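The structure under discussion appears below in the form of structure tokens.
The values are calculated or read from the model by the stated rules, or taken from the named source; none is laboratory data. Note that this is a predicted model, so its numbers are computed, not measured. Reconstructed Cβ throughout: ideal geometry from the backbone, glycine too, with neighbour counts over all protein chains shown. In case anyone asks, the SASA skips ligands and DNA or RNA and just uses the protein heavy atoms, side chains included. Shrake-Rupley method; radii C 1.70, N 1.55, O 1.52, S 1.80 Å.
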Amino acid sequence: MLDITKMLHQIIDLELKIDDEKELLIGPEVRKQTIFLDLDISLSDMAEAAGWYKVINPNEADKKKLLKAYAEVMGLFLLFSAKMQWTHLVVLDEEAWRRITDAKRATKLADLNKSYLAIKHFLSDAYFNHQQESYRHAWHLLLKMGIVDWKLTPEQITKAYQAMIDQY
């Protein structure tokens, strides 16, 4: 199981460190917008690394790039939850973790597409309409996509996440 609480604290500390170093002075609403925009772009980068949707020039997933992109998306998801004051939505108990990890693996193009598009839809609803449940659904779908569909282990994710944190 992932130590989401630790990951959450690490990304918040990293943001504070970067803000101090770059002397960023932006307000809370612009901060939310910026994180949301970065998250949206990072989701696309993650999909690019996974490559399942490619019609022209299909490629196999590059596991190293996928893990790096997935860790970045997770970090931005967690940071967004902090800015929205929704951190209670990201922490999972054993039952929620089991539901996610016991879910049926998506292997068909249509199912993977739907999962990705649902994440984007739910995130938009969370951002524009302040819908906590939509955020929770997006978060759970992201975890399911990485752990179940792409078979990324918690250990691999934790290692990639720590590498992302340590690079700053």
Suppose accessible area is computed on protein heavy atoms with a 1.4 Å probe; arrange ASP125, ASP38 from highest to lowest.
ASP38, ASP125
Nothing charged except the Cβ atoms of Lys and Arg (+1) and of Asp and Glu (-1): what's the magnitude of the dipole of the range 4-166 about its Cα centre? Round to the nearest 20 debye.
640 debye
If you fit an axis through the alpha-carbon atoms of helix 28-50 and take the longest principal axis of the Cα set of the chain, what angle between them do you get, 0 to 90°, nearest 10?
20 degrees
Cα to Cα, under 15 Å, and not fewer than 8 places away if on the same chain: which aspartates and glutamates meet these conditions relative to LYS64?
ASP45, GLU48, GLU72, GLU155
Which translational diffusion coefficient, to the nearest whole µm²/s, is obtained for the range 62-124 from the Stokes-Einstein equation, given a Kirkwood hydrodynamic radius over C-alpha pairs, 25 °C and 0.890 mPa s?
179 µm²/s
Can you tell which of VAL30, THR87, ILE12 lies farthest toward the positive end of the dipole of the chain, using +1 and -1 charges on the Cβ of basic and acidic side chains (Lys, Arg; Asp, Glu)?
THR87
Counting as exposed only GluC sites (Glu not before Pro) in DSSP loop states with no more than 14 other Cβ atoms inside 10 Å, the longest exposed-site-free span of the chain is 61-168
To the nearest 10 degrees, the tilt of helix 132-144 (Cα long axis) against the first principal axis of the alpha carbons of the chain is 50 degrees
Rounded, prolate or oblate (a/c below 1.5 giving rounded, otherwise prolate when a/b exceeds b/c) for the chain by Cα gyration tensor
rounded
